[in-house]
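The values are calculated or read from the model by the stated rules, or taken from the named source; none is laboratory data. The structure presented is a predicted model; accordingly, all values stated were derived computationally and were not measured. Methodologically, a virtual Cβ is constructed for each residue, glycine included, from the backbone with ideal geometry; neighbour enumeration extends over all protein chains shown.
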Amino acid sequence: MNNDKDRQFGNDDAELHGGMRLLREQAEAQALIKIAQSAKRIATLDPDQVRGLMHELSVHEIELEMQNEELRLIQVELEGALGRYFELYDLAPVGYCSLSEAGRLLQANQLLANWLGTSEQALVTRPLASFIHPDEHDNEYLLRRRLLARGSPQMCQWRFLSHAGNPIWVQVQAVLRTDAKGAPTFHLVLTNIDELKQTQLALQAALDEQDARIQELQQRLSNCS
């Protein structure tokens, strides 16, 4: 997935550099026009006016240099924040994903991809329902409906299908958000509770078996009397 991200960033850099070159060419063309206009204007000025104009240009140049330095520092901070974001997102001990209104994956982190035995990129645009137990499909749909209807965070438990074919019990915490275009999206935090769930199921099975034996014993005693 890192290679996919590197290629994506590489393409983005190429597009950015191409756009910057075009912007620079346009700026140079406009600058030539302004220089020609300024030359005509300067020719009509007296020496004091020329010196005043040169002072204004010098101050403006210094202001631009200071702004460029501020922008450079902001860019460094943004790059650091982006790096921390990817570390937190991909190295988190829980699964993260976001869904479209129709239930298709928009984004997923590395841990969720590992659970499902695929890559983060391969998950994108696929329905989340295709990765959960068939008995949970209605629950997944109803979760999205509840989020849209109520707007408040929701919690439930699903069985995901692992790459080995075994179901994994997962606790789901979901919230409703909107994207840049105002479309609803669902953000899910997925915690693996399979070990806890298996313990609970085993305990319940043992209790059910004990109840069955007690009922059988009571029935025998009743028959004897």
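The table that follows gives values for the structure above.
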read-out: Per-region count, the stretch 121-168, residues over 13 Å from GLU101 (Cα atoms), buried (at least 16 other Cβ atoms within 10 Å of the Cβ) and among the charged types (D, E, K, R); value: 2
read-out: From ALA183, ALA205, residue being hydrophobic (A, V, I, L, M, F, W, C), surrounded by 10 or more Cβ atoms within 10 Å (Cβ to Cβ), outside the structural domain of ILE132 (by TED's automatic domain parsing) and out of contact with any Lys or Arg (no Cβ under 7 Å at 6 or more places or on another chain); value: ALA205
read-out: Hey, THR178 of a type in the set (Ser, Thr, Tyr) and either closer than 19 Å to TYR141 by Cβ or surrounded by fewer than 11 Cβ atoms within 10 Å (Cβ to Cβ) (or both) or not; value: yes
read-out: Among residues of the stretch 174-189, those that are modelled with pLDDT under 90 and either aliphatic (A, V, I, L, M) or not in a loop (DSSP other than H, G, I, E, B) (or both), counted; value: 1
